[in-house]
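The values are calculated or read from the model by the stated rules, or taken from the named source; none is laboratory data. From a predicted model like this one, the values you see are computed outputs, not experimental measurements. Here the Cβ positions follow ideal geometry from the backbone for every residue, glycine too, while neighbour counts run over all protein chains shown. The area values use the complete protein model at the heavy-atom level, side chains included, leaving out ligands, DNA and RNA. Shrake-Rupley method; radii C 1.70, N 1.55, O 1.52, S 1.80 Å.
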Amino acid sequence: MRIAFLADASLPHTQRWLGYFVDRQHDCLLLSLEPGDGYDCPTVWMRPWPRLPRFARYTLNVPAARRRLNAFRPDVVNAHFLPNYGWMAARAGARPLVLTTLGSDMLLVPRRTFLHAWRTRWVLQRCDRVTADAQMLARAVARFGFDTARVLTVPFGVDLEAFDRAARVAPRTNAPVRVLSTRRLEPVYDVPTLFRAATHVPPELRDAMRLRIAGVGAQAAELHAASRSTTVLPETTFLGWLEPQALTQELVRAHVYVSTSRSDSTSVSLLEAMAAGCFPVVTDIEGNREWIRDGENGLLFPVGDDAALARCLERAVRDAELRQSAATLNRALIVERATWSTNMERVERLFAELLRDARAPAAPGPQG
């Protein structure tokens, strides 16, 4: 197939997604305003217009995108995500068009203003299919009038073998208990709640815990200052941004994974933690409830509730048996629902179905 992708080339998500189709020997083209590395297919860097608002940047690139798509003549166009590249692809008249949405583009952005909601509906009306990584995200798409029969719900998925290899190289030790956050240090992920919760951990557990923060973002300075300004936090290590292999190694050594996110669909970070055998302690939001049953394969706490999070951390640290049973349950869940290759094969089949439909002869009209 000839597949054109419109997506942010700087994102690891885009690199991995395109890499699958390139490895499968499809003829791929990437259009992006953002520079990125590691692509083994033709890539076109669109004009970034850095001084203009985001919406204007993508709108002004519509004519260039239309020309590139007309020249490439793709069988399928796949845009990631709705407010930017979905808008650009729809404005360029790309068909058949598959929109890939992964969370905030459907859960948060449409709520900002009437115009954001209007744009969401306008783009969806021009999509042939949508891929969503969670059932709750598919329901959010449906609320804009999109037929649920045309939504493929498929989590991004993880490479389970990579976690198994890393665990053999660096197996998890019994102590100290490593508590790991891998979310970006941005307001939506609310990592400061983890720091506040850590101050409530009973003193006798503090020496048994090691808090490790993997991620970068706008709140980095605030969190570094918090770690220096209090003496009641467990020992804290800031790991910064980690390459995938280093992140995998960190996850297989960790005992407890914490996500304080205020909004998520299916979080790839959560799936990675489950694959690595980390015990999930995550916010009680709809996307997480699709994967975590409180008290069985993880613990849930209300968004922003540092006292509740502290109680969850105490239970997770003390109850090694619960952590072990959860690891067994979570591995089975990943095998059943969230392996990378299996889920991407479903997306590939969706693209192939659209191509077959486009090439099918039109049904004969009524005889006059």
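The figures follow:
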{"item": "Residue in segment 99-107 that is surrounded by 21 or more Cβ atoms within 10 Å (Cβ to Cβ) and at pLDDT 95 or above present", "result": "yes"}
{"item": "All positions within segment 344-362 that are within 21 Å of the chain's Cα centre (by Cα) and either closer than 30 Å to N297 by Cα or assigned to a loop (DSSP other than H, G, I, E, B) (or both)", "result": "M344, E345, R346, V347"}
{"item": "Where A142 falls short, out of the listed (1) touching a helix residue (DSSP H, G or I) at 6+ places or on another chain (Cβ under 8 Å); (2) among the aliphatic types (A, V, I, L, M); (3) more than 30 Å from L333 (Cβ to Cβ); (4) surrounded by fewer than 21 Cβ atoms within 10 Å (Cβ to Cβ)", "result": "(3)"}
{"item": "Residue tally, condition over 24 Å from the mean Cα position of the chain (by Cα) and either open to solvent by 60 Å² or more (accessible area, probe 1.4 Å) or not aromatic (F, W, Y) (or both), over segment 58-95", "result": "21"}
{"item": "Test: residue in segment 22-32 that is at pLDDT below 95 and surrounded by fewer than 19 Cβ atoms within 10 Å (Cβ to Cβ)", "result": "no"}
{"item": "Considering residues of segment 137-166 that are outside any helix (DSSP H, G or I) and of a type in the set (D, E) only, the residue farthest from N288 (Cα to Cα)", "result": "D147"}
{"item": "Conditions (1) open to solvent by less than 10 Å² (accessible area, probe 1.4 Å); (2) under 19 Å from A175 (Cα atoms); (3) touching a strand residue (DSSP E or B) at 6+ places or on another chain (Cβ under 7 Å): number failed by V252", "result": "(3)"}
{"item": "Qualifying positions in segment 159-213 - of a type in the set (G, A, S), over 17 Å from S229 (Cα atoms) and open to solvent by less than 10 Å² (accessible area, probe 1.4 Å)", "result": "S181"}
{"item": "Residue among N84, N70, N78 that alone is in contact with a Phe, Trp or Tyr (Cβ under 8 Å, 6 or more places away or on another chain) and either farther than 30 Å from S261 by Cβ or modelled with pLDDT of 95 or more (or both)", "result": "N78"}
{"item": "Options D357, D305; residue that is of a type outside the set (G, A, S) and out of contact with any Ser or Thr (no Cβ under 8 Å at 6 or more places or on another chain)", "result": "D357"}
{"item": "The lone exception for L300 - which of (1) in contact with a helix residue (DSSP H, G or I) (Cβ under 8 Å, 6 or more places away or on another chain); (2) in a helix (DSSP H, G or I); (3) at pLDDT 95 or above it fails", "result": "(2)"}
{"item": "Members of segment 11-21 found to be more than 14 Å from the chain's Cα centre (by Cα) and either open to solvent by 30 Å² or more (accessible area, probe 1.4 Å) or in contact (Cβ under 8 Å) with a residue 40 or more places away in the chain (or both), listed by number", "result": "Y20, F21"}
{"item": "Top-ranked residue in segment 38-64 [being among the aliphatic types (A, V, I, L, M) and in contact with a Leu (Cβ under 6 Å, 6 or more places away or on another chain); ranked as farthest from R24 (Cα to Cα)]", "result": "M46"}
{"item": "Tally of residues being in contact (Cβ under 8 Å) with a residue 24 or more places away in the chain and buried (at least 22 other Cβ atoms within 10 Å of the Cβ) across segment 279-311", "result": "10"}
{"item": "Some residue of segment 260-278 being touching a residue at least 24 places away in the same chain (Cβ under 8 Å) and over 22 Å from H13 (Cβ atoms)", "result": "yes"}
{"item": "Residue within segment 227-247 that is open to solvent by 40 Å² or more (accessible area, probe 1.4 Å), of a type in the set (V, I, T) and within 17 Å of the chain's Cα centre (by Cα) present", "result": "no"}
{"item": "Conditions (1) part of a strand (DSSP E or B); (2) closer than 27 Å to R337 by Cα; (3) at pLDDT below 95; number of the one not met by L180", "result": "(3)"}
{"item": "Only listed residue being assigned to a helix (DSSP H, G or I), free of Cβ contacts under 8 Å to residues at least 40 places away in the same chain, farther than 26 Å from Y189 by Cβ and open to solvent by 20 Å² or more (accessible area, probe 1.4 Å), chosen from S325, S341", "result": "S325"}
